[in-house]
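Here the structure is laid out as structure tokens; the discussion comes afterwards.
The values are calculated or read from the model by the stated rules, or taken from the named source; none is laboratory data. Worth saying up front: this structure is predicted, and the values here are computed from it rather than measured. Cβ sites come from the backbone with ideal geometry, for glycine too, and all protein chains shown count toward neighbours.
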Amino acid sequence: MGRLLLLFIAVPILEIWLLYKVSQALGAIPMLALVIVTGFLGAGLARWQSAGVRARMQGAHAGEPPTRAILEGLLIFVAGVALITPGIITDTVGVLLLIPSTRRKLADAVRANMAAKAGSAGGVNVFTFSAGGGPGATPPPASGGVKDLSADDYEVTDVSDDDGHTPIGP
């Protein structure tokens, strides 16, 4: 939490200071034009790069999760936001994230970090649920049809509180 707060305070202060220094060196109009051009250029580059990642996600081998492509897509989104945000530091970060080799290395590092954290936490458990129910449940009919229930197949339970309220309404 502290690092994120520092990031949201320090980066804008550095951006304002750097924009002020650049406007002193180049002039206000060229600096403003630079900010506007990088915003439009960044949006276009992010859109172009995301199309390539989307194609790789769709062309992923069957049965393999497109983890790297998903992370790269997220990094391209971050790059687009950084490039649209006025500032020299954010523009630099955005351009670096749009370079495929830099983005792939960062995506691999993020994936390795996530795997290490999952391993240190005891692994990741994935639970799936199906219409068949859990252990001991009656499997669905082989015909795939509808099973009519009789009064012996279910039990009515009163779940209302003392005031007559139920979990789903009065």
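Taking the condition of being assigned to a helix (DSSP H, G or I) and either surrounded by 13 or more Cβ atoms within 10 Å (Cβ to Cβ) or on the phi > 0 side of the Ramachandran plot (or both), how many residues in region 25-41 meet it?
8
Hey, any hits in region 55-76 for a residue that's modelled with pLDDT of 85 or more and either aromatic (Phe, Trp, Tyr) or surrounded by fewer than 16 Cβ atoms within 10 Å (Cβ to Cβ) (or both)?
Yes, region 55-76 contains a residue that is modelled with pLDDT of 85 or more and either aromatic (Phe, Trp, Tyr) or surrounded by fewer than 16 Cβ atoms within 10 Å (Cβ to Cβ) (or both).
How many of the residues making up region 1-57 are touching a Ser or Thr at 6+ places or on another chain (Cβ under 7 Å) and over 12 Å from residue 86 (Cα atoms)?
Total meeting the criteria: 0.
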